[in-house]
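Here the structure comes first, spelled out in structure tokens, and everything after it is commentary.
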Amino acid sequence: MERPAAPETNLTGPFRSAAPRGGARPPPFRKLIVVGGGSAGWMAALLLARTLVPKGVEIEVLESPTVGIIGVGEGSTPWLRGFFADLGIEESEWMPACNATYKCGIQFERWSTKPGFERYFHPFASMLDNLTMGMFLQHAHARLNGVDIDAHPDRFFIATRLAHGCKAPRPVHAFPFDIWYGYHFDAVLLGQFLHRKALERGVRYRQCHVADVNRAENGDIASVTTREGGTIAADFFVDCTGFAGLLIQKALGTPFLPYAKNLFNDAAVAMPTPIEGPIASQTVSRAMRHGWMWRIPLTSRYGNGYVYSSSFCSADEAERELRSELGLLDDPTPARHLKMRTGRVTEHWNRNCLAVGLSQGFIEPLEATALLFIQRTAAWFCEVLEEGDLGEASRLRFNERLNRQFEGTRDYIVTHYKTNSRKDTEYWRANAHNGELSDPLKELYGLWLSGRGIANEVRAQTLGVGYPALSWYSIFAGMGCFPEPERLRPPRAGEAYDLEEVGNMLDRAALNYPDQREALAAIAPARKEKSLQVYYW
Ligand SMILES: Cc1cc2nc3c(=O)[nH]c(=O)nc-3n(C[C@H](O)[C@H](O)[C@H](O)COP(=O)(O)OP(=O)(O)OC[C@H]3O[C@@H](n4cnc5c(N)ncnc54)[C@H](O)[C@@H]3O)c2cc1C
């Protein structure tokens with residue numbers, strides 16, 4: 001049987017950030033300290049090292065020996081491709097090391113109770129969508145305006161076929177259509193991999209617990225004092241201390257803008273299960289009684305977790321419901337409980353401190369966007385360093401850019417809850433009735449309900465900063481936000497595309513993509529035995 005070719009990095013523009021120009025401009029400072037060694041700490045250290053180490057700047061990561069990493073965060077957006085490409089790290093190197101799999105999008109289940117819309121797939125974009133996106137939009141508009149026509153997003157996108165068919169999004173032969181895929185990975189292994197890479201690239205590492213943050217007369221951070229003894233000074237500090245926000249929030253007092261009124265979830269319970277057989281290239285997000293459950297396939301195990309609101313359900317109830325869903329009610333596998341805080345700091349870059357990761361904020365894991373924020377924050381800060389303008393106007397622009405990104409993404413995630421049609425618990429009823437919507441979101445809902453196009457509005461608003469039109473149409477159509485069936489009339493001639501023909505075309509295209517297990521075996525011929533021993537905490 002023909003083996004899929006070992007993938008090479010072959011990325012189109014939007015995934016990659018600008019290459020460092022290096023050279024002429026003098027370094028803005030001599031020493032930079034990153035406090036925290038979770039995914040945020042190592043991703044930030046690697047991106048900053050790419051810009052600063054060649055200029056002779058010393059970068060040191062400090063990590064507490066007693067405070068662990070959060071150890072969840074195992075799904076990504078397609079932008080993570082750009083992170084590895086920027087650093088020149090091939091999939092064949094990092095994916096096997098992190099038990100990683102490909103992800104073509106997210107399968108949403110049980111969020112809607114409307115017949116025919118009980119599940120839908122939110123696809124990552126692909127070049128083939130240029131052929132089918134117009135058809136999808138035409139069908140969605142027709143149904144919105146009273147035509148009984150199939151407008152379910154699952155009928156239109158290649159990514160959906162690949163995910164459901166357990167295929168890898170890298171074609172076997174030279175098939176000239178790029179799929180913009182993401183990944184699943186073991187968070188602990190990813191941290192260890194990035195740690196090793198950062199050390200290779202000149203980043204220093206010290207295990208120590210930061211006990212105090214010392215301010216200079218002008219209010220900047222001057223140094224940190226560690227519990228082990230000693231004070232470490234630097235010119236610039238990167239706060240990657242997770243939800244603690246030790247530097248940005250506790251030391252500098254940067255205000256925190258909570259999202260608790262927009263998004264109710266504040267807790268999660270997680271546990272792994274074994275994986276065997278074909279591996280679907282998708283995250284499953286299944287609505288539960290008081291939140292939703294993720295199911296993430298790795299090569300070594302499934303990661304499962306239930307994200308819920310502690311105002312509506314106790315930790316014990318959540319664990320029981322998760323165990324019941326997984327068929328593990330009497331299983332001794334321990335579950336791990338987590339608290340989480342949604343919202344963001346008002347200034348991600350404050351004085352001589354940049355917050356990256358959970359210290360800067362968190363929306364919630366529904367669309368797996370947190371690593372993207374880490375990547376963007378660090379990459380955009382590198383752009384600032386390249387420009388060499390660390391002045392006040394530059395800082396304000398930087399913070400505003402990130403804040404728009406946070407709000408645009410938050411609004412997309414809010415839409416999942418707002419458009420739910422479940423009535424089984426107070427949690428879902430409260431979400432459907434939640435009036436805490438941003439103005440752009442209210443406008444967008446108004447446009448959709450009036451049957452007009454939303455693509456231009458999405459592009460014009462912060463909403464488009466978070467998610468493109470494809471995603472907004474997918475969510476409204478996938479949740480079944482259309483007139484009731486009894487108000488629909490049959491389509492007239494020429495109003496509908498032949499969806500059987502579209503389906504055949506997508507099926508033919510999908511033949512060019514290999515089975516995911518085979519594709520992963522091809523890039524990791526000496527894969528180690530799969531094991532459940534490496535948990536994510
Ligand atoms: C339930 C849940 C699910 C998630 N799912 C996803 C997902 O699917 N996709 C995604 O992109 N993101 C997800 N996330 C978010 C993701 O886990 C985090 O964004 C990511 O792991 C980065 O975390 P971090 O490095 O900011 O913090 P942490 O992992 O908490 O790391 C904090 C670091 O700071 C150090 N530290 C703390 N205090 C001190 C101190 N005093 N001195 C020295 N060091 C200190 C710790 O030792 C640690 O190294 C999820 C989050 C949650 C809660």
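The values are calculated or read from the model by the stated rules, or taken from the named source; none is laboratory data. Being a predicted model, the structure only gives us computed values, none of them experimental. Neighbour counts run over all protein chains shown; Cβ positions are idealised from the backbone, glycine included. With ligands, DNA and RNA removed, areas are computed over all heavy atoms of the protein, side chains included. Shrake-Rupley method; radii C 1.70, N 1.55, O 1.52, S 1.80 Å.
Which shape class applies to the range 42-189: rounded if a/c is under 1.5, otherwise prolate when a/b exceeds b/c and oblate if not, where a ≥ b ≥ c are the square roots of the Cα gyration tensor eigenvalues?
Prolate, since a/c reaches 1.5 and a/b exceeds b/c.
For the range 325-478, just say rounded, prolate or oblate: build the C-alpha gyration tensor, square-root its eigenvalues into a ≥ b ≥ c, call rounded for a/c under 1.5, and beyond that prolate if a/b exceeds b/c, oblate if not.
oblate
Using each residue's phi in the range 62-79, evaluate 6.51 cos²θ - 1.76 cosθ + 1.60 at θ = phi - 60° and report the 3J(HN,Hα) Karplus result to the nearest Hz, with x for Gly and Pro.
10, 9, 5, x, 10, 9, x, 7, 5, x, 10, x, 10, x, 10, 9, x, 5
Straight-line reach only, C-alpha to C-alpha below 20 angstrom: list the lysines that K167 could link to, leaving out same-chain residues fewer than 8 apart.
Qualifying lysines at Cα under 20 Å: K103, K530.
So how much slack lies between T346 and L437, counting 0.36 nm per residue of separation and subtracting their Cα-Cα distance, in nm?
Result for the pair: 30.9 nm of gain on full extension.
Give me the distance in nm between label points sitting 7 Å out from Cα along the Cα-to-Cβ direction at K261 and E276, one decimal.
Inter-label distance under the simple model: 5.2 nm.
Helix 439-449: angle to the longest alpha-carbon principal axis of the chain, degrees 0 to 90, nearest 10?
It is inclined by approximately 10 degrees.
Suppose only helical runs count, i.e. DSSP H with n ≥ 4. What mean residue ellipticity at 222 nm does that imply for the chain under -39500 (n - 2.57) per run, divided by all residues and rounded to the nearest 500 deg cm²/dmol?
One gets -10500 deg cm²/dmol as the mean residue ellipticity at 222 nm.
Scan around Y302 for amide H atoms under 5 Å from its own, H built in the peptide plane at 1.01 Å from N, and keep only partners 5 or more places away or cross-chain.
T273, I275
For L131 and N456, calculate 0.36 nm times their separation in residues minus their Cα-Cα distance, and state this gained length in nm to one decimal.
Extending this stretch completely gives an extra 115.1 nm.
Could you name the lysines in cross-link range of K418, using Cα to Cα under 20 Å and dropping any fewer than eight places away on the same chain?
K114, K261, K442
When the gyration tensor of the chain is built from Cα positions, what are the square roots of 5 times its three eigenvalues, in whole Å, from largest to smallest?
Calculated on Cα positions only, the semi-axes equal 38, 26, 24 Å.
Quick one: length gained pulling N399 to E501 fully straight, 0.36 nm per residue minus the C-alpha distance?
32.0 nm
On a 0 to 90° scale, report how tilted helix 469-478 is relative to the longest principal axis of the chain, with both axes built from alpha carbons and the result rounded to the nearest 10.
50
Per residue of the range 483-492, what does 6.51 cos²θ - 1.76 cosθ + 1.60 with θ = phi - 60° give for ³J(HN,Hα)? Whole Hz please, x for Gly and Pro, Karplus curve as stated.
Once θ is set to phi - 60°, the couplings for the range 483-492 become x, 4, x, 5, 9, 9, 10, x, x, 8 Hz.
Between the helical axis of 315-326 and the dominant principal axis of the chain, each derived from Cα atoms, what acute angle in degrees is found, rounded to the nearest 10?
It works out to around 50 degrees.
When the solvent-accessible surface of protein heavy atoms is calculated with a 1.4 angstrom probe, in what order do E217, E407, E436 fall, highest first?
Descending accessible area places them as E217, E436, E407.
Residues of the range 275-292 with backbone nitrogen within less than 19 Å of a virtual label 7 Å along the Cα-to-Cβ line of D316, please, listed as ranges.
Within reach of a label on D316, which here means backbone N under 19 Å from a point 7 Å along Cα→Cβ, the range 275-292 contributes 289-290.
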